[in-house]
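Peer 1: Please find one structure pasted underneath; my questions will follow.
Only the coordinates and a few stated rules stand behind these numbers; no lab work does. Only a predicted model underlies this, so the values are computations on that prediction, with no experimental measurement involved. Cβ sites come from the backbone with ideal geometry, for glycine too, and all protein chains shown count toward neighbours.
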Amino acid sequence: MTVLDACLSTGQVVIMETRNKDGTWPSSRPHIMRNSVEDEELYRGQPGVCGLTNLGNTCFMNSAFQCLSNVPPLTEYFLNNHYLGELNFSNPLGMKGEIAEAYADLVKQAWSGHHRAIVPRMFKTKVGHFASQFLGYQQHDAQELLSFLLDGLHEDLNRVKRKEYVELRDAAGRPDEEVAEEAWRNHKRRNDSIIVDIFHGLFKSTLVCPACGKVSVTFDPFCYLSAPLPVSQERTMELFFVYMDPRRKPQQHRVVVPKAGKVLDLCIALAKHTGVPAEQMMVADVFSHRFYKLYQADEALSCILDRDDIFVRGGALVLPVYLRERAPPRDGDPGYGVVLFGHPLLVSVPQARLSWDALYGLLLERLSRYVRRPESGSEEEEEESEEEDLYGPQANGLSECEEEEEAPGEGPASQAAEGSSGGSGGPPTPSPPQVTLPPTANRPKRKCRRRRLLFTVRPVNANGTSERPALPGEGFALHAQLYIAIDWDSDMKKRYYDEEEAEGYVKHECMGHVQRRQPVKLRECVELFTTVETLEEENPWYCPTCKRHQLATKKLDLWALPEVLIIHLKRFSYTRLAREKLDTLVEFPIRDLDFSDFILKPRADVASAPHKYDLIAVSNHYGSLRDGHYTTFARNKDSSQWFYFDDSSVSPVAEAQIESKAAYVLFYQRQDRIRPPRTAPCPRPPDAGGGCCSDSMEVD
């Protein structure tokens with residue numbers, strides 16, 4: 001680079017740096033946590049046994065780096081400074097050597113033996129600069145970062161300075177050996193780097209047109225295998241079934257349904273346990289004491305998540321009912337607020353039209369398991385008081401009256417009408433059967449004992465938060481938008497509502513049968529990878545014979561494998577129906593993974609190139625689809641000792657602990673390229689703290 005290329009001008013200040021002895025730059029040297037510079041110089045640990053500080057949701061980056069850092073040929077390439085002569089600053093597809101240099105600095109610090117943990121801030125900055133998706137501190141996929149790093153390192157270290165145009169040719173009936181050799185030669189004419197030497201292999205791709213039978217064979221390079229996991233077409237769902245008999249507690253069930261099924265399939269499976277016809281079931285999602293959603297029979301089961309609280313009720317006509325408690329008045333607010341509590345109810349009603357009196361009795365019967373009725377003559381009966389209006393609406397309860405003396409009154413017809421009006425704010429309070437009185441000019445004046453109701457009933461909106469106007473007449477008509485609220489006074493609720501009993505439920509015998517997922521062997525995943533599949537509608541193939549796009553069948557086969565084979569287990573499943581993480585245990589060998597049966601090369605060639613691999617690193621993902629944590633198991637290239645890397649913490653681990661449901665990306669090295677250990681496992685330093693040789697380790 002010339003002064004002109006650097007855009008330097010007179011008066012500018014130029015700062016020169018001298019590379020450290022370990023190959024790092026002073027400006028990129030991170031601060032060491034818990035260690036002064038003097039302690040750092042005195043510390044002598046095993047090279048490679050060094051943690052990375054989590055900068056904030058950067059565990060995915062730490063895990064990806066630790067896996068690559070423990071690939072022996074790649075690490076030795078950087079430690080021996082071979083990369084300095086191969087940096088490609090002019091590659092338009094590269095990062096002007098900055099990613100390679102940042103990675104090299106981090107590798108040299110990790111393998112210097114002077115650090116327990118380092119802060120990869122400069123490396124994080126470089127990655128975010130060239131890949132904007134990794135900017136900030138959001139959670140990301142470690143495999144996606146691995147893909148970016150391998151591609152970035154390849155382009156920064158590509159030995160081909162000027163890429164020539166290469167025309168791809170179809171096999172056209174030629175032998176596979178000839179086509180494969182041509183494809184690999186063309187690939188190397190444009191791509192030649194340490195990444196290609198270590199990680200690149202060759203696929204054979206076969207496409208068959210379903211219309212004309214045209215067969216297209218191509219050979220394509222790959223850097224890693226994305227192996228699918230066997231996915232079950234069924235799912236297990238847990239829910240609560242509420243019987244029509246109010247004396248029976250809700251019953252918890254576990255049913256197996258199709259993943260692509262409908263809500264009706266859930267009801268059919270539940271009908272086998274309960275004996276209630278599926279067409280009479282109502283399925284509801286309950287959240288925060290209210291009905292989050294009432295499902296229709298034709299809705300997809302993918303709408304229901306495993307964490308949802310699902311309640312199913314039997315009955316032809318079902319009325320949604322909320323439970324509310326009157327809250328004390330707030331400052332400056334003379335009115336009473338209401339607070340939802342308990343599980344909302346789906347109450348079966350005998351007919352589409354019902355009186356408020358009948359509804360009160362129906363609800364009282366439905367709550368009878370955990371609501372105690374007041375005894376006759378209890379303190380809920382108030383002292384006698386004069387009542388001029390026999391059938392007027394009562395705010396709190398019923399009136400039982402006895403005649404004492406006559407007084408002027410109105411006719412029975414007007415009294416009945418007044419008694420059924422219910423006032424201006426809500427539905428009428430249930431009243432006893434009316435008594436027909438003889439028409440006289442003077443009505444008898446009565447003394448009444450008023451008995452308080454346990455609760456009041458009001459129509460509300462779907463959220464149960466605001467009341468709707470009372471319906472005219474003596475009853476109401478059941479319709480899809482009707483929701484009812486049972487309002488309790490705090491005193492009445494405390495005395496007569498048994499919260500513990502209301503929350504009680506029993507378990508069906510099916511809850512005792514836990515379906516355990518059978519482990520899957522890694523070989524099965526590779527077999528799925530090489531299975532024939534039909535292209536999706538979003539990705540058709542253009543058939544040169546039919547002159548149109550076709551949904552062809554596609555088959556991938558392994559032709560040549562690299563020195564280091566990366567296997568990505570596709571645990572994150574994204575389909576039109578659902579998104580999920582597969583926690584299936586994949587059984588993978590630590591040693592002697594044999595790929596001979598999957599290689600298509602003729603046997604004469606295969607015999608000269610062994611295809612047995614040993615495991616050298618594993619990237620683990622703990623958690624769910626939305627969040628989680630990445631860690632790494634890796635075998636040290638110098639001592640062959642396995643270590644567990646959890647951000648800044650590093651500890652030794654036994655081989656028996658490596659296989660787990662968290663395994664996400666596997667790194668295998670071909671046996672003929674594995675070197676014997678140079679050193680014995682290091683003894684534990686006296687001041688190592690949580691360093692390289694702790695006696696035990698716990699994995700989440």
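Peer 1: Starting from the Cα of Arg495, step 7 Å along the direction of its Cβ; do the same at Glu76; then give the gap between the two resulting points in nm.
Peer 2: About 8.7 nm, to one decimal.
Peer 1: Sticking with this one: Projecting each Cα onto the charge dipole of the range 518-637 (Lys/Arg +1, Asp/Glu -1 at the beta carbon, about the Cα centre), which of Ser596, Tyr542, Leu522 comes out farthest on the positive side?
Peer 2: Tyr542
Peer 1: Also, quick follow-up: For the range 28-173, just run the numbers: alpha carbon Rg, then divide by 2.2 N^0.38 Å, N being how many residues it has.
Peer 2: This ratio for the range 28-173 stands at 1.18.
Peer 1: Same structure, new question: With a Förster radius of 25 Å, plug the Cβ-Cβ distance of Asp245 and Gln280 into 1/(1 + (r/R0)^6) and report the FRET value to the nearest 0.05.
Peer 2: 0.95
Peer 1: Could you calculate the contour length gain from Thr553 to Phe598, that is, 0.36 nm times the residue separation minus the distance between their Cα atoms, to one decimal place in nm?
Peer 2: Gain on stretching Thr553 to Phe598: 14.2 nm.
Peer 1: Taking every Cα atom in the range 619-667, find the radius of gyration and the maximum pairwise distance Dmax, and write them in Å.
Peer 2: Expressed in Å, the Cα Rg and Dmax of the range 619-667 come to 11.3, 37.
Peer 1: How high is the relative contact order of the range 545-602, in percent, with contacts defined as C-alpha pairs under 8 Å that are six or more residues apart?
Peer 2: Relative contact order of the range 545-602: 42 percent.
Peer 1: Follow-up. Rank-order 640-646, 193-199, 615-621 by packing density, defined as the average count of other C-beta atoms within 10 Å over each peptide's residues, highest first.
Peer 2: Put in order of decreasing packing, that is 615-621, 640-646, 193-199.
Peer 1: State, to one decimal in nm, how far the label point of Glu299 lies from the label point of Leu482, with both points 7 Å from Cα in the Cβ direction.
Peer 2: Roughly 2.1 nm, to one decimal.
Peer 1: Here's a follow-up. Over all alpha-carbon pairs in the range 175-306, figure out the percentage whose distance exceeds 25 Å.
Peer 2: Tail of the P(r) past 25 Å holds 55 percent of the pairs.
Peer 1: Work out the length of the dipole vector of the range 189-333 about its Cα centre, built from +1 on the beta-carbon of each Lys and Arg and -1 on the beta-carbon of each Asp and Glu, and round it to the nearest 20 debye.
Peer 2: For this selection, approximately 220 debye.
Peer 1: How large is the dipole of the range 127-232 about the Cα centre if only Lys and Arg carry +1 and Asp and Glu carry -1, each at its Cβ, rounded to the nearest 20 debye?
Peer 2: 260 debye
Peer 1: Can you tell me which of 158-167, 220-229, 101-110 comes out highest on packing, and rank the rest after it, using the mean Cβ neighbours within 10 Å?
Peer 2: Top to bottom by mean Cβ count within 10 Å: 101-110, 220-229, 158-167.
Peer 1: What order do you get for 628-639, 337-348 when each peptide is scored by the mean count of other beta carbon atoms within 10 Å, highest first?
Peer 2: The most tightly packed comes first, giving 628-639, 337-348.
Peer 1: Between Arg678 and Leu93, what length comes free when the chain is fully extended (0.36 nm per residue of separation minus the Cα-Cα distance, one decimal in nm)?
Peer 2: 206.8 nm
Peer 1: Under a Cβ-Cβ cut-off of 11 Å, what is the net charge of the residues other than Asp245 that fall near it, where Lys and Arg count +1 and Asp and Glu count -1?
Peer 2: +4
Peer 1: Tell me, what is the FRET efficiency for Cys546 and Glu234 to the nearest 0.05, using R0 = 45 angstrom and their Cβ-Cβ distance as r?
Peer 2: 0.75
Peer 1: Please work out the Kirkwood hydrodynamic radius for the range 82-147, using every pair of different C-alpha atoms, and report it in angstroms with one decimal place.
Peer 2: After inverting the mean inverse Cα-Cα distance, the result is 13.4 Å.
Peer 1: Just the Cα atoms of the range 93-236, one point each, no solvent: what log10 I(q)/I(0) does Debye give at q = 0.12, 0.18 Å⁻¹?
Peer 2: Results for the range 93-236 at q = 0.12, 0.18 Å⁻¹ read -0.73, -1.13.
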